[in-house]
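Chemist: I'd like to ask some things about the structure below.
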Amino acid sequence: MKIKFILRTIRNFILVLLFLLFIMYSSAVYSDQNAKDKHQRNTERVQKVSSRLTTPKIMRIKTQGFASYIGMDINKFEEKFGQPQETMDSAINVKWLLYNLDSSNYLKVGIDQYTQKVCSIVLAGDMSDSNSKIKVGMTIRQLLKLSTLYANFEVSYREENFQFELSENDLNNHPLIGFENGSYVIPYLQPDSKKVIALEFLDTGMLLKKNIYQIVSQTPIPSQYQGETNWDQLDIMVPYDLMQMINAKRIVVENPTLPIGDSLTQNAQSIINLLEKNPKHYLKKSYANLLKDITSGNVGRNNFLSLNPSNFSKKLYQDSGLDNKNTEVYIIFPFYNATTFFENTELQKNVWYNLIDNKTKKIGIAYDQGLLVIIINKGGN
């Protein structure tokens, strides 16, 4: 009798234990399901919020004209266009090929030094392509008939995604258009007339290197500058390239071309020497510090300054042997590419117009490691 009682007690204990374990298991499953449902609702909420930030579907237009050469091997490109008349290095791992010098058909082609493929093509004269509807000289209204101008672009580069956000100023002065082959074109617009004064066809890597549009994604921009730069060559070729572009535009508007190597160039070089020796003697402290940083080789700085006579000491004129009544001096840094005059709206308005104006008779240009000095003489004396 006693044994039966013990067995019955053990059986009841086991039943109660199994019942409690079942309750605990059911509770855990229910809690886990609730957590999953809550997580799913939160995820759906995040996805809905994120969807409002996603770049809209970009309608790329048919690949045409010079856009078809982006990504082409350098050898194939030179088979079609021939050997360039000049070449120049850069600070961004790009080798530039210069074509159509001393004419209105300014053409500059960028070759990526790593891939040996075309990454950029710049047109700034009256050179046209019968296979392209996008041309220098067209109006923004004509441009809008060919493509919608989008304020947001999402691009992929080296397995990373980047999202550009174009400001109102970007859309009005240098919008971005995509082609079906994955390349892009930046039509640079004249601020007043809203006509296209230059075109730059480029790939995604070059688009990121230019850094003229705001990137709203959190992905860090890949390094854009190389370890070593041939400054001896650039100090000669940057002014030369700029003069070629200036004269191409002057020919287009039927103004006389300007000579290279005028005495004003010596004055411009004197200004560079004075600024590099003692920048704080002529510039305010913040400008002087930035200048020193740039000329010491820090080519990755994003700060940009365009200084006119109101931004520096008048003593600079005297010390460089200039008459401030007949000449205008502009100090620009950091400067690495002639297209900067099209990318920067204020620079285009304040300096570029003077360079191609028919009243300008002489100019002097000097350059050193990112520092550009331009002297304009409208009197011609």
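Chemist: Looking at the structure I just gave you, is Ala91 within 30 Å of Gly297 (Cβ to Cβ), small (Gly, Ala, Ser) and either touching a residue at least 40 places away in the same chain (Cβ under 8 Å) or surrounded by 14 or more Cβ atoms within 10 Å (Cβ to Cβ) (or both)?
Modeler: The answer is yes for Ala91.
Chemist: Being over 28 Å from the mean Cα position of the chain (by Cα) and open to solvent by less than 40 Å² (accessible area, probe 1.4 Å) narrows it down to one residue among Thr345, Thr360; which is it?
Modeler: Answer to the selection: Thr360.
Chemist: Can I ask one more? Hey, Glu180 hits all of (1) under 27 Å from Lys349 (Cβ atoms); (2) surrounded by fewer than 20 Cβ atoms within 10 Å (Cβ to Cβ); (3) at pLDDT 95 or above but one; which does it fall short on?
Modeler: If we test Glu180 against (1) under 27 Å from Lys349 (Cβ atoms); (2) surrounded by fewer than 20 Cβ atoms within 10 Å (Cβ to Cβ); (3) at pLDDT 95 or above, just (1) comes out false.
Chemist: Determine which single condition Ser132 fails, assuming it passes every other condition in (1) open to solvent by 10 Å² or more (accessible area, probe 1.4 Å); (2) modelled with pLDDT under 95; (3) hydroxyl-bearing (Ser, Thr, Tyr).
Modeler: (1)
Chemist: What is the one condition in (1) under 22 Å from Cys119 (Cα atoms); (2) touching an Asp or Glu at 6+ places or on another chain (Cβ under 9 Å) that Asn247 does not satisfy?
Modeler: Here Asn247 meets the rest and fails (1).
Chemist: So Lys209 passes all but one of these: (1) open to solvent by less than 40 Å² (accessible area, probe 1.4 Å); (2) modelled with pLDDT of 95 or more; (3) not hydrophobic (A, V, I, L, M, F, W, C). Which condition number does it fail?
Modeler: It is condition (2) that Lys209 fails.
Chemist: Which residues, counting only those in the stretch 75-93, are modelled with pLDDT of 95 or more and under 21 Å from Val238 (Cβ atoms)?
Modeler: Hits for the stretch 75-93 are Pro84, Gln85, Glu86, Thr87, Met88.
Chemist: Collect the residues in the stretch 67-80 that are over 19 Å from the mean Cα position of the chain (by Cα) and surrounded by 14 or more Cβ atoms within 10 Å (Cβ to Cβ), keeping them in residue-number order.
Modeler: Passing the criteria: Ser68, Tyr69, Met72, Ile74, Phe77, Glu78.
Chemist: When you go through Leu283, Leu316 one by one, which is the residue that is under 28 Å from the mean Cα position of the chain (by Cα) and open to solvent by less than 20 Å² (accessible area, probe 1.4 Å)? Spell out how you get there, then give the answer.
Modeler: Numbers: Leu316 fails: under 28 Å from the mean Cα position of the chain (by Cα).
It is Leu283.
Chemist: Could you identify the single residue in Ser310, Ser270 that is polar (S, T, N, Q), closer than 30 Å to Asn211 by Cα and open to solvent by 30 Å² or more (accessible area, probe 1.4 Å)?
Modeler: Ser310
Each row is one residue, and each column tells you yes or no for (1) touching a residue at least 40 places away in the same chain (Cβ under 8 Å); (2) not charged (D, E, K, R).
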| residue | (1), (2) |
| --- | --- |
| Lys285 | no, no |
| Asn289 | no, yes |
| Ile294 | yes, yes |
| Asn303 | no, yes |
| Pro309 | no, yes |
| Tyr336 | yes, yes |
| Phe342 | yes, yes |
| Leu347 | yes, yes |
| Ile374 | yes, yes |
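Chemist: In the stretch 242-264, what residues are within 13 Å of Ser104 (Cα to Cα) and acidic (Asp, Glu)?
Modeler: Answer for the stretch 242-264, where residues must be within 13 Å of Ser104 (Cα to Cα) and acidic (Asp, Glu): just Glu254.
Chemist: Turning to a different aspect of this structure: Limited to the stretch 217-238, what total is found for residues that are open to solvent by 60 Å² or more (accessible area, probe 1.4 Å) and modelled with pLDDT of 85 or more?
Modeler: The total comes to 3.
Quick grid of which residues meet (1) over 15 Å from Asp368 (Cβ atoms); (2) out of contact with any strand residue (DSSP E or B) (no Cβ under 9 Å at 6 or more places or on another chain); (3) outside any helix (DSSP H, G or I):
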{"position": "Val238", "(1), (2), (3)": "no, no, no"}
{"position": "Lys249", "(1), (2), (3)": "yes, no, no"}
{"position": "Asn255", "(1), (2), (3)": "yes, yes, yes"}
{"position": "Gln266", "(1), (2), (3)": "no, no, no"}
{"position": "Asp293", "(1), (2), (3)": "no, yes, no"}
{"position": "Ser310", "(1), (2), (3)": "yes, yes, no"}
{"position": "Leu322", "(1), (2), (3)": "yes, no, yes"}
{"position": "Val329", "(1), (2), (3)": "yes, no, yes"}
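The values are calculated or read from the model by the stated rules, or taken from the named source; none is laboratory data. It should be emphasised that the depicted structure is a prediction, and the values quoted were computed from it without experimental measurement. All Cβ positions, glycine included, derive from the backbone under ideal geometry; neighbour counts span all protein chains shown. Protein only, heavy atoms only, side chains kept; ligands, DNA and RNA dropped before computing areas. Shrake-Rupley method; radii C 1.70, N 1.55, O 1.52, S 1.80 Å.
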